[in-house]
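First the structure, in the form of structure tokens, and then the observations on it.
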Protein chains: 2
Amino acid sequence: MRVYLAGPDVFLADPLARAARMKAACRARGLVGVFPLDPLPQGDPEDWAGLPEALRIARRNEAHIASCDVLVANLSPFRGPSADVGTVFEVGFMRALGRPVFGWSNDARPFAERTRAFFGVAGEVDAAGMLIEDFGLADNLMIDGAIAASGGVFVRRAGPDWQDLSAFESCLAAIIAS
Amino acid sequence: MRVYLAGPDVFLADPLARAARMKAACRARGLVGVFPLDPLPQGDPEDWAGLPEALRIARRNEAHIASCDVLVANLSPFRGPSADVGTVFEVGFMRALGRPVFGWSNDARPFAERTRAFFGVAGEVDAAGMLIEDFGLADNLMIDGAIAASGGVFVRRAGPDWQDLSAFESCLAAIIAS
């Protein structure tokens, strides 16, 4: 079973070491981990030759996701109260393909609590006067909703700790059990 | 042509007034705007009855997107250097359906410049030591890449100004012209 490893892990100081750790954890459970920085097995299609590198990366990741049976997303808060947008794009992409999405986060707080802490406010709106979603979920309801509807789970651990992969490993165990 | 109006506009103080403005702009061009807070024309399926409201909203929005021909996303920065994650989820969802995605933002700065300003740093990494993507794009490359690959455009105006819909209207004009 091929597992797409979505996450801002690609932005860590040594993303290839991270990829190796995550793929080893997959392999130990009989899963094949696919990291966003992997080349496509068949190489890039010829008609991408004129595209800037950034747009080729985007298409490569879409092709990776389409080639996988399940997606596991690192949804730890990134540069704000919510998860990394590139990762969340990929969660939405896989959800539309109708396949299971699993999420993990090294932040156990509910989304509303985390958002209030980020802005230093106590009420129903943020510093810009925008409503703070307060459904007791881990992040924006499209994310929690997609994971639940797809048959996945959202595993949260206290953090922050970018090196702790225990919540990720719990997702892999849940994939095997599902 | 049905247009899904993705965006954090749902979190504004008066989301229904915003919906009315955006739908009127669609109607003026012969388009039908579908706002995330709209009920489903056929009502919620019976088997959603046991779901918490947040998860019903998520499924309703997925159904809205699937019923639309094109998606227009408000990708203005939201609670950080990037767009709202709920909106970006929906961009990924529509992209996987293979239909056109258009984006607009009331922030004209490139993503890297905006991210550096957010953290008050000048180099290649953010305050947590994570790489700052620097491809000259408007946001994370999955977003810009999906819009370009789908045949859409990403319209940016200087901001911030949550009330200025001119970039949104430029997207509608581009949809008509495409």
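For segment A:33-125, a Kirkwood radius taken over Cα pairs fed into Stokes-Einstein (4 °C, viscosity 1.567 mPa s) yields D = 85 µm²/s.
What the Cα atoms of chain A give is an Rg and a Dmax of 16.7, 54 Å.
On a per residue basis, segment B:93-178 carries 41 Å² of accessible surface, using protein heavy atoms and a 1.4 Å probe.
When Rg is the radius of gyration of the Cα atoms in segment A:1-73 and Rh is its Kirkwood radius, what does Rg/Rh come to? All intermediate terms of the calculation are to be shown ahead of the outcome.
Working: Rg = 12.6 Å, Rh = 12.8 Å.
Across segment A:1-73, the Cα-based Rg/Rh ratio is 0.98.
Express the carbon and sulfur contribution to the solvent-accessible surface of the protein assembly as shown as a percent, rounded to the nearest whole number, probe 1.4 angstrom. The partial results should precede the final answer.
Details: 7700 of 13900 Å².
Heavy-atom surface of the protein assembly as shown belonging to carbon and sulfur, 1.4 Å probe: 55 percent.
The C-alpha atoms of chain A define a longest principal axis, and helix A:85-96 lies at about 70 degrees to it.
In chain A, the DSSP beta bridges split such that about 5 percent are antiparallel, to the nearest 5. Label-point spacing at B:GLY98 relative to the other copies reads 1.3 nm, in ascending order, each point sitting 7 Å out from Cα along Cα→Cβ. Between the Cα long axis of helix B:166-177 and the first principal axis of chain B there is an angle of about 60°, rounded to the nearest 10. Taking Cα centre as origin and charging only the Cβ of basic (Lys, Arg, +1) and acidic (Asp, Glu, -1) residues, the dipole magnitude of chain A rounds to 480 debye.
Summing -39500 (n - 2.57) over the DSSP H runs of n ≥ 4 in chain B and dividing by its residue number, what mean residue ellipticity at 222 nm do you reach, to the nearest 500 deg cm²/dmol? It would help to have the intermediate numbers written out before the result.
Working: 6 runs with 70 residues, N = 178.
So the helix-based figure for chain B works out to -12000 deg cm²/dmol.
Averaged over the residues of peptide A:60-66, the number of Cβ atoms from other protein chains lying within 10 Å of each residue's Cβ is 2. Can you classify the protein assembly as shown as rounded, prolate or oblate using the Cα gyration tensor, where a ≥ b ≥ c are the square roots of its eigenvalues, rounded means a/c under 1.5, and otherwise it's prolate if a/b beats b/c and oblate if not? It comes out rounded by the Cα gyration axes. Interface area, chains B and A: about 4000 Å² of buried accessible surface, summed, with a 1.4 Å probe and ligands, DNA and RNA left out. Seen against the Cα atoms of chain A and their longest principal axis, helix A:141-150 is set at about 50 degrees. Inter-copy label distances for B:VAL32: 4.3 nm (label point placed 7 Å from Cα along Cα→Cβ; shortest first).
In terms of its alpha-carbon gyration tensor, segment A:112-167 comes out oblate; a/c meets the 1.5 threshold, while b/c is at least as large as a/b.
Label-to-label distances for B:ALA122 across copies, nearest first, come out at 4.1 nm, using points 7 Å from Cα in the beta-carbon direction.
For the pair B:GLU53 and B:ALA20, label points projected 7 Å from Cα toward Cβ lie 2.2 nm apart.
The values are calculated or read from the model by the stated rules, or taken from the named source; none is laboratory data. Everything numeric here is computed off the predicted structure, so don't read it as measured data. Reconstructed Cβ throughout: ideal geometry from the backbone, glycine too, with neighbour counts over all protein chains shown. Each accessible area value is taken on the protein alone, full model and side chains, heavy atoms only, with ligands, DNA and RNA left out. Shrake-Rupley method; radii C 1.70, N 1.55, O 1.52, S 1.80 Å.
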